[in-house]
Number of protein chains: 2
Amino acid sequence: MIKNKKVNAAIIIIGNEILSGRTQDTNTGTIALWLNSIGVKVQEVRVIPDIEKTIIDTVNILRKANDYVFTTGGIGPTHDDITAESISKAFFLDYEIHKEAFKILEAYYKPGEFNKGRQKMVWMPKDAKLILNPTSGAPGFSVNNVFCLPGVPSILKSMLGGLKNMISGGKPIISYAINLRTVESEISKPLTFVQENNKEVEIGSYPFFRAGKVGVSIVLRSDNKSKIEVCNSQILEFVDQKKIEIIESS
Amino acid sequence: MIKNKKVNAAIIIIGNEILSGRTQDTNTGTIALWLNSIGVKVQEVRVIPDIEKTIIDTVNILRKANDYVFTTGGIGPTHDDITAESISKAFFLDYEIHKEAFKILEAYYKPGEFNKGRQKMVWMPKDAKLILNPTSGAPGFSVNNVFCLPGVPSILKSMLGGLKNMISGGKPIISYAINLRTVESEISKPLTFVQENNKEVEIGSYPFFRAGKVGVSIVLRSDNKSKIEVCNSQILEFVDQKKIEIIESS
């Protein structure tokens, strides 16, 4: 494990259903939180349509700019599932039946149920590595630093555990939140000052409305716990001076 | 209104909190559904961090490739709110106090409450057009084809109505869903055939799991109602032949 290196990733959400607003993407959050826990930071997410050229171009741009790329969606049995073929083209690899995947699905389905439609799911880029699927059989796959996962959130979630040994992360990214009963304009000046003094901690400020009351959530992120603590103590100092109520911190 | 032209848009979600997985983006869905209703199709969504160069580069790429670009987030009063200044730089415009926005917020707040922190929210690209905010006062703004909205979902939602006259859409995009009690592999072949015969209708196929039962949602999208009807009747034909149960359609 490379422990002192910053490791980053991009996520590509492939699917017209997200772009149309019909379906709410939740896979970004699932993948991002899991990646943070193994020391990988998500730098960018792109949601793109089921168009071959767009998939190829996006994969090729992002795989060069990031340590890892994760795609979701488009690996099922229907006509709009074009991720595996597009990835093959992105890497100039043959698109062919993956023997190991074929065996897995042949054993997964009852005799006679592994029909032509389902057999589409074992067509992959040549020599792709499989990502096992404990929920519904059909595996995902990876080629170099690109990992292709399904779009159905519960299935995707169940496959992340199997990915762990395929990813080398840095230090886990720690996140600490301080929720205050205040408004952003009240704390913007001292918070800017704290950010300037703590450049290695990413400080975010997010207003919220809960039960008719406004508040601000200050979120500190870093892979260095002691730097978060220093930053937190400087924030608590101005919070105390300004007599702002702390709702919770965690 | 241009009624026979395809009009497209990109959405840029600006915010580390989405990339970290801490916050679930819902603004994409809100904007996309609203744009569909006025005949604008979302082609791409990018989620990017609060980094000036990334914002400038992303805005400049997407504003040239799309009829409209919508940004969300980063227009509040704190140090991490850098959207307005970044947009100014993307367009080589001065970043300055917007007199009309100043007047609006001066009138909105009680005397003495329009402090330095809040005054940051009236700094905008020179000659930006305002997007009024009926919820919390501080306006969004547009420059050419780029529309900058806040990140807080309820505020963003309340501002879309005021945008309507600033956008010229095409024909509204109609969406029709047929939910079947089947699995994708059962219908993949005839559905591919229907897609090949109906190239102007975008056909999506989405498996679902509800109350322990599997099903498939077929979604037809087009700006032409009669083409959707033709496509639907061809689908109903094979659904009937295969004796597949229709759960609902709408």
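Hey, could you check the range B:218-239 for residues that are polar (S, T, N, Q) and in contact with a helix residue (DSSP H, G or I) (Cβ under 9 Å, 6 or more places away or on another chain) and say which is farthest from the other protein chains (Cβ to nearest Cβ)? Result: B:Q234. Considering A:G74, A:G112, A:G39, the condition of being in contact (Cβ under 8 Å) with a residue 40 or more places away in the chain, within 14 Å of chain B (Cβ to nearest Cβ) and either touching a helix residue (DSSP H, G or I) at 6+ places or on another chain (Cβ under 6 Å) or more than 30 Å from A:I174 (Cα to Cα) (or both) is satisfied by A:G74 alone.
Of the conditions (1) over 30 Å from A:P77 (Cα atoms); (2) touching a residue at least 60 places away in the same chain (Cβ under 8 Å); (3) surrounded by 18 or more Cβ atoms within 10 Å (Cβ to Cβ), A:S168 fails just one. Which one is it? The single condition A:S168 does not satisfy is (3).
Elements of the type strands (runs of 3 or more DSSP E) sitting completely within the range B:130-210 and holding at least 3 residues that are over 16 Å from the mean Cα position of the chain (by Cα), of a type outside the set (K, R) and within 8 Å of chain A (Cβ to nearest Cβ): these cover B:202-210.
Here, each number is a calculation from the coordinates, and none is a lab measurement. Just so it is clear, the model here is predicted, and its values are computed rather than measured. All Cβ positions, glycine included, derive from the backbone under ideal geometry; neighbour counts span all protein chains shown.
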